[in-house]
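This report concerns only the one structure given below.
The values are calculated or read from the model by the stated rules, or taken from the named source; none is laboratory data. Treat the numbers as computed from the prediction; the structure is a model and nothing was measured. Because the Cβ atoms are built from the backbone with ideal geometry, glycine has one as well, and the counts that use them run over all protein chains shown. What goes into the accessible areas is simple: the full protein's heavy atoms, side chains included, and nothing from ligands, DNA or RNA. Shrake-Rupley method; radii C 1.70, N 1.55, O 1.52, S 1.80 Å.
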Amino acid sequence: MHQVISACRSCGTGGLRPILSLGETPLADALVDPARLDQPEASYPLEVAFCAACSLVQLKQTVSPETLFTQDYPYYSSFSDTLVSHARRNAERLITDEGLDQQSLVVELASNDGYLLRHFAAQGVPVLGIDPAEGPARAAQEAGIPTLRAFFDRELAACLLAEGKRAEVVLANNVLAHVPDLNGFVAGIGMLLAGSGVAVIEAPYVRDLIDRCEFDTIYHEHLCYFSVTALNRLFARHGLVLSRVEHYPLHGGSLRLFVRPGGEPDDTVRRYLAEEAEHGLDEVGYYRDFAARVEQVKHDLLALLGKLKASGARIAAYGAAAKGATLLNYVGIGSETLDYVVDRNVHKQGRFMPGVRLPIADPARLVADQPDYVLLLAWNFADEILAQQQAYLRAGGRFVVPVPEPAVLERSYP
Ligand code: DWN
Ligand code: ZN
């Protein structure tokens, strides 16, 4: 069951301009259990549109968060060392910069398995995680991270305030794009922030998505694709100030946003707003050729894999990622091309990719089975995965990257 919006998720204006349709796809993280292979899967349209009023790029379909993020949500952040070290650096810096100690409180929205809060807790800073996903929330609790299994919204913020909980730091990584009630979520953050507090929010950057043709990061969990222009208007609407913007290569290009209940924006904010205006991110024209470029990647990837198959090669894939599900189902790559997908996340192994239903195995299979090529679906962690897969590469294996342009990676050993 899903809804289709008729007005902007942020400013409420109608007349959204279509940018891209990826057709009907199954839910990207709805991995199929072996026992359910005889049952059909739900699939939903995936259509992206632009709001000319506030320049927010967004999905037209809303699948209920209960369907997406509660039972069986298979994503555990700690299965990526890159992500964990990124989180540790973030925590250590905030402890210093915000002078956090035993008297402080750090609240993380979508805290997953504690991959970030554990670094604050390790230094004696009180923390509270909030996450609706059963498995990851339990893993966090088992790791000693106090975690509320809930969706964050205005009402929950009011409850926490009534308990006297105000946060010096509110963290929200890879969740702002996921919430249907965007304004309620941001208002809740404002309510939770102590007067001198800061919200530190990370989200993929729409400019990287468009410029690097990262269309596979479009799936039903991601309702919004943010520019600094759209974010600045969203926060201002709730009396919050976007005070600083930083960019990180994580997940194909992400923004780290510092949001405060007062004060002035620094030069970084002014610079991003100016650059976005200069490049036209606040006009539909900037997005006009995106669909054609996505179609071209689809065509080129099918041609490359077809050529490899025709040469008799055996091909597997790496990363049972949500972005992998979008790519395989939109491009149309199934068991006629790929033998299986591998992933380090033990909660994904033994299950099947949505739609194309490729089996998911342990990465050790690559060395044991030595396929000729591996399609890198988790391209956003290429450095970590290639370093990890030296034995496979030394034995002659090759990786294929799908975006920004499909290509067989040159052999390189450290
Ligand atoms: O927004 C979201 C992003 C942050 O994470 C979520 N809605 C869903 C998820 O998207 P994804 O599944 O596309 O994310 P990742 O982090 O790109 O997924 C990478 C996959 O690869 C994970 O299943 C873990 C796996 N992996 C692995 O098997 N070996 C990752 C690394 C680094 C590895 O070495
Ligand atoms: Zn809008």
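With respect to being out of contact with any Lys or Arg (no Cβ under 7 Å at 6 or more places or on another chain), modelled with pLDDT under 95 and within 15 Å of ligand 1 (Cβ to nearest atom), Thr70 fits the description. Considering only residues in the stretch 160-174 that are part of a loop (DSSP other than H, G, I, E, B) and more than 30 Å from His247 (Cβ to Cβ), the one that is most open to solvent (accessible area, probe 1.4 Å) turns out to be Glu163.
Identify, please: which residue in the stretch 244-254 is open to solvent by less than 30 Å² (accessible area, probe 1.4 Å) and without any contact (Cβ under 8 Å) to a residue 40 or more places away in the chain and is, among those, nearest to ligand 1 (Cβ to nearest atom)? For the stretch 244-254, the residue satisfying everything is Glu246. Based on this model, can you work out whether Ala42 counts as within 16 Å of ligand 2 (Cβ to nearest atom) and either over 30 Å from Arg351 (Cα atoms) or of a type outside the set (S, T, N, Q) (or both)? Taking the combined requirement at face value, the residue does not satisfy it. Cβ-Cβ contacts under 6 Å between residues 6 or more apart (or on different chains), taken from a first residue in the stretch 113-126 that is in a helix (DSSP H, G or I) to a second residue that is open to solvent by 30 Å² or more (accessible area, probe 1.4 Å) and modelled with pLDDT of 95 or more, are listed as His119/Arg88. Got at least one residue in the stretch 79-88 being more than 16 Å from ligand 2 (Cβ to nearest atom), small (Gly, Ala, Ser), under 21 Å from Ala203 (Cα atoms) and not in a loop (DSSP other than H, G, I, E, B)? Yes, the stretch 79-88 contains at least one residue that is more than 16 Å from ligand 2 (Cβ to nearest atom), small (Gly, Ala, Ser), under 21 Å from Ala203 (Cα atoms) and not in a loop (DSSP other than H, G, I, E, B). Does the stretch 255-276 contain at least one residue that is under 28 Å from Val63 (Cα atoms), open to solvent by 20 Å² or more (accessible area, probe 1.4 Å), within 16 Å of ligand 1 (Cβ to nearest atom) and in contact (Cβ under 8 Å) with a residue 12 or more places away in the chain? Scanning the stretch 255-276 turns up no residue that is under 28 Å from Val63 (Cα atoms), open to solvent by 20 Å² or more (accessible area, probe 1.4 Å), within 16 Å of ligand 1 (Cβ to nearest atom) and in contact (Cβ under 8 Å) with a residue 12 or more places away in the chain.
Selection of the stretch 197-252 for residues being within 15 Å of ligand 2 (Cβ to nearest atom) and out of contact with any helix residue (DSSP H, G or I) (no Cβ under 9 Å at 6 or more places or on another chain) yields Arg233, Ala236.
When Ala143, Ala150, Ala157, Ala177 are checked against the criterion of being among the aliphatic types (A, V, I, L, M), touching a residue at least 24 places away in the same chain (Cβ under 8 Å) and open to solvent by 10 Å² or more (accessible area, probe 1.4 Å), a single residue qualifies: Ala143. Restricting to the stretch 298-333, name every residue that is open to solvent by 30 Å² or more (accessible area, probe 1.4 Å) and either farther than 13 Å from Asp216 by Cα or within 11 Å of ligand 1 (Cβ to nearest atom) (or both). Once the filter is applied, which keeps residues that are open to solvent by 30 Å² or more (accessible area, probe 1.4 Å) and either farther than 13 Å from Asp216 by Cα or within 11 Å of ligand 1 (Cβ to nearest atom) (or both), the stretch 298-333 yields His299, Asp300, Leu302, Ala303, Gly306, Lys307, Lys309, Ala310, Ser311, Gly312, Arg314. Within the stretch 222-233, restricting attention to residues that are within 16 Å of ligand 1 (Cβ to nearest atom) and open to solvent by less than 10 Å² (accessible area, probe 1.4 Å), the residue that is farthest from Cys51 (Cα to Cα) is Leu223.
Here Tyr287 fits the description: open to solvent by less than 60 Å² (accessible area, probe 1.4 Å), within 16 Å of ligand 2 (Cβ to nearest atom), more than 30 Å from Pro136 (Cβ to Cβ) and of a type outside the set (Asp, Glu). Within the stretch 59-75, does at least one residue satisfy the condition of being within 16 Å of ligand 2 (Cβ to nearest atom), assigned to a strand (DSSP E or B) and buried (at least 21 other Cβ atoms within 10 Å of the Cβ)? Yes - at least one qualifying residue is present in the stretch 59-75. Suppose the filter is in a loop (DSSP other than H, G, I, E, B) and farther than 30 Å from Arg237 by Cα; does Glu24 pass it? The answer is no for Glu24.
Only a single item in (1) under 20 Å from Val206 (Cα atoms); (2) within 16 Å of ligand 2 (Cβ to nearest atom) is not met by Ser6, and it is number (1).
One residue alone among Cys54, Cys11 is out of contact with any strand residue (DSSP E or B) (no Cβ under 8 Å at 6 or more places or on another chain) and open to solvent by less than 10 Å² (accessible area, probe 1.4 Å), and that residue is Cys54. The number of residues in the stretch 180-239 that are over 19 Å from Gly253 (Cα atoms) and in a helix (DSSP H, G or I) comes to 15. Scanning the stretch 315-331 for residues that are β-branched (Val, Ile, Thr) and not in a helix (DSSP H, G or I) turns up just one, Ile315.
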